[in-house]
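One structure is given below, encoded as structure tokens.
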Amino acid sequence: MKYKILVVDDEELNLKSTSMCLENWGYQVDTAQNSVDAIKAVTNSLDHIAVILMDYRMPEKNGAQLAQEIRKINDESVILMYSGDSSREAVKESIKSGIVDFVDKGDDIEVLREAIERACRKYEETSRTLTPQIPAGKAEKLLTSIGLIGVSDAMKKIPVKILQYQTGDKPVLILGETGTGKDLVARALHVGRQDKFFVINCAAFTKNSHLLESELCGYEKGAFTGADQRKIGILEIANGGTVFFDELHRLDPDAQAKLLRIFQEKKIRRMGGAVEIPVDFKIIGATQPHIETLVKRGEFLPDLYYRLNFMKIEIPALRERPEDIGPLVAHFCARFNEANKTNKKFLASTIRVMERYYWPGNVRELDGAVYKLLKDSPTDKIDPKLLDSRLFAEAVEKIVTTYNELENKQERERRKYIMATLKTSNSIAHAAEKMGIPVTTLKSMLRKFQTAYAQV
């Protein structure tokens, strides 16, 4: 990705030369020549700023003071000091303000480049949060309006077909794995018809075709034991509306044959009755993507498949469109925050890990996983370490290793600075004075470093 960097420097020549270098290295650059403009840039930025590179000596506020103000409104950007003033005061104030690195303008330009690269890696792994994407085109807006989220090319084709198939009475077949949102597409296809939309879950009638027939066609009083009054079937009630047959492939051959006859003749007969009743409804069927394989194996009636397969909409599995995982997570996250009055966010690095998972339950499984993470997280940022290690073990291990390596490198740089100061000092107290920090703080650092003094 193209990282955004804000350069803050009161010297116009330095500002231009630094910006030019960064742009040549492939970064997106914004500039500010004073603290007021810097605060405005951070506050008004629509895109996340990965790194803020600022001078130390500036009028009104120095770099350390400005960093403290920025931290109050933005705790995600990584702040670096890039200054010609490497005095004890400048370094001391920078450390206190939480600036992660201090680069001397007198150093080779490659030193700056490496510092920027480290800062971008830190931002990516530990700070950059997911930014919800606002639907731009007509296709994305229609998807969102029916409850589907996606920016992939495969998903953009779906609303185009929905608009084509909304009119007319020809059957529509929706193909997709469990949890992909077939029911949402079916409801979108129903728009514009009478307010009659019925869902038949064919999985509920897998071993009882007579029960399916009674639900669809109804029955007369006395048709069977327990039929103590006439019942009007769904297909009779649905005249002028839509009937959505979900999980069609789960029906046994006898039930499939009964459906085929109804679809062909557009007539029903109540169980126990003799009168044929004309019915008129839009047929929408939904099956798994491998329906053609079932037809070839003789597990699904070819005539029923051909009767339904006038118009077809395929919803891809989530693993086939990982670029949609980010927008989906942003959508679920926004919904959770609104309902719970929270402001939780997913780190972009967490999304990258989630993109590597298979998601056998598709969007439905993702929705549940996001809710659990948001509900259980003790912090406002969902980092990769919170992911279920059973599902994301390999990806989590890789990203956590990268994070640890980055932290270790920054720790080594800090340690080198402290050890170098110690070597040029008469005592720990003298070194602490040079660095502008209390002796107790320096001793605490040394205890943390343990044998670091001998390694430098």
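Take the residues in the stretch 189-220 that are in contact with a strand residue (DSSP E or B) (Cβ under 9 Å, 6 or more places away or on another chain) and of a type in the set (Lys, Arg); name whichever of them is nearest to Ile158 (Cα to Cα).
We begin by selecting, within the stretch 189-220, every residue in contact with a strand residue (DSSP E or B) (Cβ under 9 Å, 6 or more places away or on another chain); these are 189-190, 193-194, 196-203, 210, 212-220.
Those still in the list that are of a type in the set (Lys, Arg) too: 193, 196.
Values: Arg193: 20, Lys196: 23 Å.
Filtering first and then ranking leaves Arg193.
For the stretch 52-107, give me the residue count where each residue is hydrophobic (A, V, I, L, M, F, W, C), in a helix (DSSP H, G or I) and modelled with pLDDT of 80 or more. Before the answer, list the steps.
If we filter the stretch 52-107 for residues that are hydrophobic (A, V, I, L, M, F, W, C), which is where we start, we get 52-54, 58, 64, 66-67, 70, 73, 78-81, 90-91, 95, 99-100, 102-103.
Among the residues that remain, those that are also in a helix (DSSP H, G or I) are: 64, 66-67, 70, 73, 90-91, 95.
Filter once more, so that each one left must be modelled with pLDDT of 80 or more: 64, 66-67, 70, 73.
Qualifying residue count, the stretch 52-107: 5.
If we scan the stretch 13-21, do we find a residue that is assigned to a loop (DSSP other than H, G, I, E, B) and surrounded by fewer than 21 Cβ atoms within 10 Å (Cβ to Cβ)? First the steps, then the outcome.
The initial filter retains those residues of the stretch 13-21 that are assigned to a loop (DSSP other than H, G, I, E, B), namely none.
Taking every residue of the stretch 13-21 in turn, none turns out to be assigned to a loop (DSSP other than H, G, I, E, B) and surrounded by fewer than 21 Cβ atoms within 10 Å (Cβ to Cβ).
So in the stretch 162-184, with the set limited to residues that are in contact (Cβ under 8 Å) with a residue 24 or more places away in the chain and out of contact with any strand residue (DSSP E or B) (no Cβ under 8 Å at 6 or more places or on another chain), which one is farthest from Glu292 (Cα to Cα)?
Of all residues in the stretch 162-184, those in contact (Cβ under 8 Å) with a residue 24 or more places away in the chain come to 162, 164-167, 169-184.
Now drop any that are not out of contact with any strand residue (DSSP E or B) (no Cβ under 8 Å at 6 or more places or on another chain), which leaves 166-167, 177-181, 184.
Working: Gln166: 24, Thr167: 26, Glu177: 14, Thr178: 17, Gly179: 20, Thr180: 19, Gly181: 20, Leu184: 23 Å.
This residue is Thr167.
Looking at the stretch 22-48, which of the residues that are assigned to a loop (DSSP other than H, G, I, E, B) and polar (S, T, N, Q) is surrounded by the fewest Cβ atoms within 10 Å (Cβ to Cβ)? Steps first, please.
First, pick out the residues of the stretch 22-48 that are assigned to a loop (DSSP other than H, G, I, E, B): 25-27, 33-34, 45-48.
Imposing the further condition that a residue be polar (S, T, N, Q) reduces the set to 33-34, 45.
Details: Gln33: 18, Asn34: 16, Ser45: 14.
In this case the residue turns out to be Ser45.
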Item to check | Any hit, the stretch 16-38, residues being touching an Asp or Glu at 6+ places or on another chain (Cβ under 8 Å), within 18 Å of Lys122 (Cβ to Cβ), in the same structural domain as Tyr123 (by TED's automatic domain parsing) and not hydrophobic (A, V, I, L, M, F, W, C) | outcome: yes
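Condition check ((1) under 34 Å from the mean Cα position of the chain (by Cα); (2) not basic (Lys, Arg)) across all residues:
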| site | (1), (2) |
| --- | --- |
| Phe281 | no, yes |
| Lys296 | no, no |
| Glu299 | no, yes |
| Leu308 | no, yes |
| Ile313 | yes, yes |
| Pro322 | yes, yes |
| Gly326 | yes, yes |
How many residues of the stretch 202-226 are more than 15 Å from Asp254 (Cα to Cα), in contact with an Asp or Glu (Cβ under 7 Å, 6 or more places away or on another chain) and surrounded by 14 or more Cβ atoms within 10 Å (Cβ to Cβ)? The answer is 1
Residue hits (the stretch 369-386; touching a strand residue (DSSP E or B) at 6+ places or on another chain (Cβ under 7 Å) and farther than 25 Å from His48 by Cβ) are none
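Of Ile277, Ile313, Ile382, which residue is in contact (Cβ under 8 Å) with a residue 40 or more places away in the chain and surrounded by 21 or more Cβ atoms within 10 Å (Cβ to Cβ)? Break it down stepwise before answering.
Values: Ile277 fails: surrounded by 21 or more Cβ atoms within 10 Å (Cβ to Cβ); Ile382 fails: in contact (Cβ under 8 Å) with a residue 40 or more places away in the chain.
Ile313 is the lone residue from the list that is in contact (Cβ under 8 Å) with a residue 40 or more places away in the chain and surrounded by 21 or more Cβ atoms within 10 Å (Cβ to Cβ).
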Apart from one, (1) touching an Asp or Glu at 6+ places or on another chain (Cβ under 9 Å); (2) hydrophobic (A, V, I, L, M, F, W, C); (3) surrounded by fewer than 21 Cβ atoms within 10 Å (Cβ to Cβ) all hold for Phe346; the odd one out is (3)
For the stretch 242-271 the number of residues that are free of Cβ contacts under 8 Å to residues at least 24 places away in the same chain and either not basic (Lys, Arg) or not assigned by TED's automatic domain parsing to the domain that holds Ala186 (or both) is 1
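Output the residues belonging to the stretch 108-126 that are closer than 17 Å to Asn74 by Cβ, buried (at least 21 other Cβ atoms within 10 Å of the Cβ) and in contact with a strand residue (DSSP E or B) (Cβ under 7 Å, 6 or more places away or on another chain).
Step one: list which residues in the stretch 108-126 are closer than 17 Å to Asn74 by Cβ, which gives 119-120, 122-124, 126.
Now drop any that are not buried (at least 21 other Cβ atoms within 10 Å of the Cβ), which leaves 119, 122-124.
If the condition is that a residue be closer than 17 Å to Asn74 by Cβ, buried (at least 21 other Cβ atoms within 10 Å of the Cβ) and in contact with a strand residue (DSSP E or B) (Cβ under 7 Å, 6 or more places away or on another chain), then Ala119, Lys122, Tyr123 are the ones that fit.
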Over the stretch 208-256, the set of residues part of a strand (DSSP E or B) and of a type in the set (Gly, Ala, Ser) is Gly218
Q: Kindly check whether there is at least one residue in the stretch 165-178 that is surrounded by 18 or more Cβ atoms within 10 Å (Cβ to Cβ) and in a helix (DSSP H, G or I).
A: yes
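The values are calculated or read from the model by the stated rules, or taken from the named source; none is laboratory data. This structure is a prediction, so every number in the text was calculated from the model and none was measured. A quick note on method: Cβ atoms are made from the backbone with ideal geometry, for glycine too, and the neighbour counts reach across all protein chains shown.
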